[in-house]
1. When you scan the stretch 173-182, do you find a residue that is polar (S, T, N, Q) and in contact (Cβ under 8 Å) with a residue 24 or more places away in the chain, even just one?
2. Which pairs do you get when a residue that is part of a loop (DSSP other than H, G, I, E, B), found in the stretch 52-76, comes within reach of a residue that is modelled with pLDDT of 95 or more and among the hydroxyl-bearing types (Ser, Thr, Tyr), reach meaning Cβ atoms under 8 angstrom, with the pair 6+ apart or on two chains?
3. Cβ contacts < 6 Å: first residue touching a residue at least 40 places away in the same chain (Cβ under 8 Å), restricted to the stretch 224-236; second residue surrounded by 15 or more Cβ atoms within 10 Å (Cβ to Cβ), any location; separation 6+ or different chain. Result?
4. Give all pairs with beta carbons closer than 8 Å in which a residue from the stretch 3-31 that is open to solvent by less than 100 Å² (accessible area, probe 1.4 Å) meets a residue that is among the basic types (Lys, Arg) and modelled with pLDDT of 90 or more; count only pairs at least 6 apart in sequence or on separate chains.
5. Name the residue, out of Thr213, Thr157, that is β-branched (Val, Ile, Thr) and assigned to a strand (DSSP E or B).
6. Show the residue pairs that are 6+ apart or on different chains and have beta-carbon atoms under 6 Å apart, the first residue being within the stretch 263-283 and part of a loop (DSSP other than H, G, I, E, B), the second being among the acidic types (Asp, Glu).
7. Return the residues of the stretch 42-58 that are modelled with pLDDT of 95 or more and farther than 16 Å from Val168 by Cβ; say none if nothing qualifies.
8. Just to be sure before I move on: is Ala112 among the hydrophobic types (A, V, I, L, M, F, W, C), under 20 Å from the mean Cα position of the chain (by Cα) and open to solvent by 50 Å² or more (accessible area, probe 1.4 Å) in the structure I sent?
Amino acid sequence: MALSLLLAALLAADEGPKANLDPTPLGIPFQRYTTTDSLGRTIAFYLSRFPGDQPGARLPVALLVQGSGCQSLFQKRGEMIFGGQQNLLLNAAMGRVRVLAVEKPGVNFLDAAKRPGGAVGASEVFLKEHTLPRWAEANRAALLAAWTLPDIDRPRTLAVGHSEGGIVVARLAAELPEITHVASFAGGGPTQLFSLAESRGQPRPDDKPGDATQRMQTIYDGWAAVQKDPDSTSLFWLGHPHRRWSSFLATSVTAELLKTKARIFLAQGGRDTSVPPSGHDVLVAELRTANRDLTAERLEDADHSFNKPDHPQNSPPGIQALFGRVVDWFAARN
């Protein structure tokens, strides 16, 4: 009897996360599913609806991981529901992939952030759950669950992330060899501590001698304070709790991508003041030295969101076009 129970448990473990469809109409071009991850959490994820009438057809998954903050993937304005980057990727893909996006644990559908991009005002659950290992696990579970669906073409998978999401997809690619293509947009290269210090140290027109160095030192002083209480969810630094910083700064996009054999696509804006281009340059050099399969774009006139000076304000044509090029790259490299 004990042996039979053990065998049943092992078989159940081998099956992995399951995709449970939520039939609730949401008014979006995505279907909501839930699954259970290895930490016992219920994870909500959204998978784009199958395009057109193609009986028996199967499409690969493109996982999109959003940047920092405690906002939902979807926002309501008036009576309309709008999506974020997952919608831009869906539009750019033109029916070639199923877009997958995961709601951050501790965030509910349509939740708005008090300060977009940050964790101020976030739920206690979010503050506890949003670490790199736990957020990566939520995305891993959603991806494993999506792979079980009959209309998913599993042999090819793309993981793409912007900013903080670029770090997360790098971690996922390091952990899951089934991810064949990974793309990091403005995700940096060395540890985020480098990006923070480098950004603060950029010269300003009214600088006096030593000002730039002093600004950089404030970053290192802030990080020293984080290290004194690294697991705190009540002490904040730069809009996020210590718990978030201590986990994300423990690694880097460079360290994670050097562990994967996936094909790699990098993009960086030359006018990015949040993640300085120098980190991207370091990452490109490291990956080329390691002989990785790499495609890299350095868009000199683009900012952190890949907008250019001639783009209308709050318009996303830059990153949507970038998503299109990434899907082209993914579709052409089997």
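1. At the first step, the residues of the stretch 173-182 found to be polar (S, T, N, Q) are 180.
Among the residues that remain, those that are also in contact (Cβ under 8 Å) with a residue 24 or more places away in the chain are: 180.
Yes: the stretch 173-182 contains one or more residues that are polar (S, T, N, Q) and in contact (Cβ under 8 Å) with a residue 24 or more places away in the chain.
2. Note: pairs meeting the criteria are Gly67/Ser163; Ser68/Ser163; Cys70/Ser123; Leu73/Tyr46.
3. Qualifying pairs under 6 Å: Thr233/Leu127; Thr233/Lys128; Thr233/Pro241; Thr233/Arg243.
4. Leu21/Arg32; Asp22/Arg32; Thr24/Arg32; Leu26/Arg32; Pro29/Arg49; Phe30/Arg49; Gln31/Arg49
5. On the way: Thr213 fails: assigned to a strand (DSSP E or B).
Step by step, each of Thr213, Thr157 is checked, and only Thr157 is β-branched (Val, Ile, Thr) and assigned to a strand (DSSP E or B).
6. Once the first residue is part of a loop (DSSP other than H, G, I, E, B) and sits in the stretch 263-283, its partners that are among the acidic types (Asp, Glu) give Gly270/Glu300; Arg271/Asp303; Asp272/Asp303; Pro276/Glu198.
7. Step one: filter the stretch 42-58 for residues modelled with pLDDT of 95 or more, giving 42-48.
Answer for the stretch 42-58, where residues must be modelled with pLDDT of 95 or more and farther than 16 Å from Val168 by Cβ: Thr42, Ala44, Tyr46, Leu47, Ser48.
8. On the way: among the hydrophobic types (A, V, I, L, M, F, W, C): yes; under 20 Å from the mean Cα position of the chain (by Cα): yes; open to solvent by 50 Å² or more (accessible area, probe 1.4 Å): yes.
Here the answer is yes, as Ala112 does meet what is asked.
The values are calculated or read from the model by the stated rules, or taken from the named source; none is laboratory data. Quick caveat: nothing in here was measured; it's all calculated off a predicted structure. Cβ: placed from backbone, ideal geometry, glycine included. Neighbour counts: every protein chain shown. In case anyone asks, the SASA skips ligands and DNA or RNA and just uses the protein heavy atoms, side chains included. Shrake-Rupley method; radii C 1.70, N 1.55, O 1.52, S 1.80 Å.
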